[in-house]
1. Within region 48-66, how many residues turn out to be without any contact (Cβ under 8 Å) to a residue 40 or more places away in the chain, buried (at least 18 other Cβ atoms within 10 Å of the Cβ) and more than 21 Å from residue 34 (Cβ to Cβ)?
2. Looking only at region 31-58, count how many residues are part of a helix (DSSP H, G or I) and at pLDDT 95 or above.
3. Would a scan of region 223-231 turn up a residue that is touching a helix residue (DSSP H, G or I) at 6+ places or on another chain (Cβ under 8 Å), assigned to a loop (DSSP other than H, G, I, E, B), at pLDDT below 95 and closer than 21 Å to residue 264 by Cα?
4. Considering only region 302-311, how many residues are part of a loop (DSSP other than H, G, I, E, B) and crowded, with 20+ Cβ neighbours inside 10 Å?
5. Pairs, please: C-beta under 8 Å, at least 6 apart or cross-chain, first residue closer than 17 Å to residue 218 by Cβ and in region 318-347, second at pLDDT below 85?
6. Anything in region 279-301 that is closer than 29 Å to residue 156 by Cα, more than 14 Å from the chain's Cα centre (by Cα) and in a loop (DSSP other than H, G, I, E, B)? List them, or say none.
7. For the structure I just gave you, tell me whether residue 214 is crowded, with 18+ Cβ neighbours inside 10 Å and either under 27 Å from residue 303 (Cβ atoms) or modelled with pLDDT of 95 or more (or both).
8. Here is a list: 201, 182. Which entry is more than 15 Å from residue 144 (Cβ to Cβ), within 16 Å of the chain's Cα centre (by Cα) and at pLDDT 95 or above?
């Protein structure tokens, strides 16, 4: 087997899929693979995390669609054994590029989100058209990987694609340096003075993450006791969320910080970690929070949280959009009603360790 592997992404902007691919790239390099991280545009905060043993290939395309011919040229010239791509629009480009490159490169596309739910909240025309292109081109891939059973089941149903042709491999979330970063200090007064319990949420400020439900629940929490809410993430809903915080009179108790390089130190020190999403694929932040020993509350959204938390065995599940249930669960966490077994959480998070997941991909390579 040729041990030259390429991973293709639009960029390295701060998101779960990007973090996953960076972790995979590092793990492959550690297992003596020659690794190219091929980016439509080499930009984003995760660039600083790429080690020197991984080659960054910048296709310098202003849009993912415009990276088609540069990617085909790269494949024709470099001939990696396999190309792994993430995010469905990039997956389409990866499959097409492999076809026009006239090479025998193996194509592995990965799905990180629940497609049917994404279609209920289309960000643009491209999102609406994506199922048509996926139905047309996904059968041409050598493997279609879903990051959870929920994602796989939904993908099969939405695309009328045989479930047997979709393999589930969890995201490589837990790394050895995660624990080192979790021990670093947090430069934030609410975490330093520990005067009040702090609720933490991490993720892009988008419709998917449903931060309004969390902020409304926090408003009701504040009616009963003093607490703080910190949200780490950037996105198009930032101004809307800041206005909601202001309208509810919570400016002194809510801090929407933006993207941070090390969310793990915050996770280790928070009183409760909340995922309020309307839909997910396999939320990496939930696994990271477990690894950091956080008390976890998540919406029971499709899909991923129920799988990660094993039907509520490792954290509390509440219904999507249920402000009252989320409020009650947060208050119960504060009162100590939910016990945390750190060894139990760590054991579960190890199911998502990067070395274990990388080995599953390497085993897959041997079958190609």
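The values are calculated or read from the model by the stated rules, or taken from the named source; none is laboratory data. These figures come from a predicted structure and were not determined experimentally. FYI the Cβ positions are ideal-geometry reconstructions off the backbone, even for glycines, and counts take in every protein chain you see.
1. Here the count works out to 1.
2. 0
3. No, region 223-231 has no match at all.
4. Qualifying residue count for the region: 4.
5. Close Cβ pairs satisfying both conditions: 332/338.
6. 300, 301
7. Criteria met by residue 214.
8. Numbers: 182 fails: within 16 Å of the chain's Cα centre (by Cα).
Only one candidate passes the filter, namely 201.
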